[in-house]
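Trainee: The structure that follows is given in the form of structure tokens.
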């Protein structure tokens, strides 16, 4: 008997959605964009609504979604973790509101509107105020036990503040800041590893590591936005619930807006959509909730969706376009950076005509070729990138594979890719493109923050042969600046003042500004704290740098190589002569009392915060570790110290009480 075409399409959609759910929730490796996935779900819902006799209990529309991983112990949710139904337009939001009104009666309702964080849903369990367990949503009924990994997130309180209930389950989202996402992908690219597709995938992949130390290194954040269950406490409204969670010390979802009526709720959704680019984290929509808990209970849920809430999904920040060409640019460290030249496409209100391809490994992995149709995404201030090739639309005959050129497009020097390196580099130290990029970077906010020295002026100074390296900036005169196009008298004075002010930037900012390969912001902070002066750092070899600062061998070797080069030694000499500060607070770089020692803090301190204790130890030269290992020098154990104390005792690592820590700090201050 021939299969009904509608039933056949429904079966096909269910299979596709199931496969994509597995790749998204279990493998953290999606093959399609969120917009494409939403289109599949919308088509399936439409068919099932038109043919209700074909709805089955195992349809993706009748379940929460996701599949629990087999790598972690299972946790059964006492209260199911439901998903939200989605709206993609104002009309769909208003249709939802009319359904709500029909069920609870006419009248102006109070709503909350919150940003929809693009992260990984989690449940946090507290007993007598103590964090005892954490789980992912999984399939909504059974999740994964990620307790140890959640403990690695600094924003998660291990003990609630104030009067805590006997039992509390808070629900929220683990996410990653845009800047941390970009840094993580940069590190992975340098290491030759595949890049995460989005902050959500990065957060999910980081939280679901079997080694909590890896999770701790990923700078994850956390928001809570609901209560699954709480004993002995009741709430009249959702806003009251969030206030209670915040009072307990939990990081509550930011910017919740309490409004009356659907007009105001829709205006708040539009405001969030306008503001999404200004936020430090990714949001992909806004969530509207009926504020009254009594009305929420009256409305209940249907299938996988609570009737009292809806998620308005923003326009996708991904689009398809064509690769017209692939060009290469030269970075400040000589890195050769391939860039896709695209047929212009509007993504999230911004016209995109360039997208990064990162390196040859990524081009090979994604198999990007000139003429291909590709999916491009942009996320806040992160440079747009090519996500994948739409192979079904590849031109025929197939275009040739693209490979990096053999010589630098700026200076013609050989391009070299060292064994084990993901990036290829121009080997010429005096490459004009590198010189310009180094000056631009030195003046940037993350480095020396020289106001008024932008990209165009930096390029003009280099091309006029007034500046060859960053030390030359401090020798430029007002007369020379006035020769620059469109630089007036006042602007020249302001720039000279900004250059003078930059001489007193902290040592770590100077290290960042020197464009040392592989050295980022955190590494620079660690080196500055460990060595206290440029002279001490420049005189150390790679082994000492690694041992004393606790940085990895790649960074240590790169730093040692930078300072061993004669032209960089001359650069430091000229910076010193110009009056640039090369020490930490005038420190002479002599060894500090706790140099080379690694401390791990655990438990609650009564006389100071954890951050204050860590800062005091760092001032004495110590490094702060996140996990206890055989290399740990001392564990400081406060009240309610847990597994770290037990591990220290097992490994026979010295343990200090808070009193012993204070005594040592007082002795060193005397």
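Trainee: Is the shape of region 318-416 rounded, prolate or oblate, going by the alpha carbon gyration tensor and its root eigenvalues a ≥ b ≥ c, with a/c under 1.5 for rounded and a/b larger than b/c for prolate? Don't skip to the end; give the middle numbers.
Mentor: On the way: a/c = 2.19, a/b = 1.29, b/c = 1.69.
Note, shape of region 318-416 comes out oblate.
Trainee: Starting from the exponent 0.38 and prefactor 2.2 Å, build the expected Rg for the chain from its residue count and divide its actual Cα Rg by it.
Mentor: Working: Rg = 28.2 Å, N = 670, 2.2 N^0.38 = 26.1 Å.
Rg over 2.2 N^0.38 Å, computed on Cα atoms: 1.08.
Trainee: Provide 54, 537 in ascending order of the number of other Cβ atoms located within 10 Å of each residue's Cβ, fewest first. Let's see the in-between values first.
Mentor: Numbers: 54 14, 537 24.
Exposure proxy ranking, most exposed first: 54, 537.
Trainee: Further question: Work out the FRET efficiency for residue 480 and residue 278 from their Cβ-Cβ distance, taking R0 = 45 Å, and round it to the nearest 0.05. Mind dumping the intermediate values first?
Mentor: Working: r = 38 Å, r/R0 = 0.84.
Efficiency, rounded to the nearest 0.05: 0.75.
Trainee: Can you give the Kirkwood hydrodynamic radius for region 74-313, in Å, rounded to one decimal and based on Cα pairs? Before the final figure, lay out each step's value.
Mentor: Working: mean 1/r = 0.0536 Å⁻¹.
Its Kirkwood hydrodynamic radius stands at 18.7 Å.
Trainee: Once you compute Rg and the Kirkwood Rh from C-alpha atoms, what is the Rg to Rh ratio for region 598-669? Mind dumping the intermediate values first?
Mentor: Working: Rg = 11.2 Å, Rh = 12.1 Å.
With Rg and the Kirkwood Rh in hand, the quotient comes to 0.93.
Trainee: When you count, for each residue, the other Cβ atoms within 10 Å and take the mean per peptide, how do 566-576, 80-90, 149-159 rank with the highest first? It would help to have the intermediate numbers written out before the result.
Mentor: Numbers: 566-576: 14.0, 80-90: 17.2, 149-159: 18.8.
The packing order, highest mean first, is 149-159, 80-90, 566-576.
Trainee: Pop the C-beta distance of residue 188 and residue 416 into the FRET formula with R0 = 22 Å and round what comes out to the nearest 0.05.
Mentor: Values: r = 21 Å, r/R0 = 0.98.
That gives a FRET efficiency of 0.55.
Trainee: What is the distance in Å between the Cα centroid of region 313-374 and that of region 525-583?
Mentor: 36 Å
Trainee: A follow-up question, please. For 72, 235, what's the fewest-to-most ordering of other Cβ within 10 Å of each Cβ?
Mentor: Numbers: 72 19, 235 16.
In increasing order of surrounding Cβ atoms, one gets 235, 72.
Trainee: Peptides 397-404, 489-496: what's the order by average Cβ count within 10 Å, highest mean first?
Mentor: On the way: 397-404: 12.1, 489-496: 14.6.
My ranking of the peptides, most packed first, is 489-496, 397-404.
Trainee: If you bin every alpha carbon distance in region 542-670 into 10 Å steps from zero, what whole percent lands in each bin?
Mentor: Values per bin, smallest distances first: 11, 33, 30, 17, 8, 1.
Trainee: Can you sort 256, 327 from fewest to most other Cβ atoms within 10 Å of each residue's own Cβ? Mind showing how you got there, number by number?
Mentor: On the way: 256 18, 327 12.
Going from sparsest to densest Cβ surroundings: 327, 256.
Trainee: Now a separate question. Kindly state, as a whole number, the per residue volume in cubic angstrom of the convex hull around the alpha carbon atoms of region 297-340. Display every interim value, and only then the final one.
Mentor: Details: hull volume 7.4 nm³, N = 44.
Enclosed volume per residue, from the Cα hull, is 167 Å³.
Trainee: Extending each Cα 7 Å along its Cβ direction at residue 166 and residue 541, get the distance between those two points in nm, one decimal.
Mentor: Reported label-point gap for residue 166 and residue 541 is 6.5 nm.
Trainee: Taking the inverse of the average 1/r across all pairs of different Cα atoms in region 517-603, what Kirkwood radius in Å do you get? Please report the intermediate quantities before stating the final value.
Mentor: On the way: mean 1/r = 0.0734 Å⁻¹.
Averaging 1/r across every pair of different Cα atoms and inverting gives 13.6 Å.
A short reminder: the numbers here are calculations on the coordinates, not readings from a lab. Everything numeric in this text was worked out from a predicted model, so none of it was measured. So basically every Cβ, Gly included, is an ideal-geometry build from the backbone, and we count neighbours across all protein chains shown.
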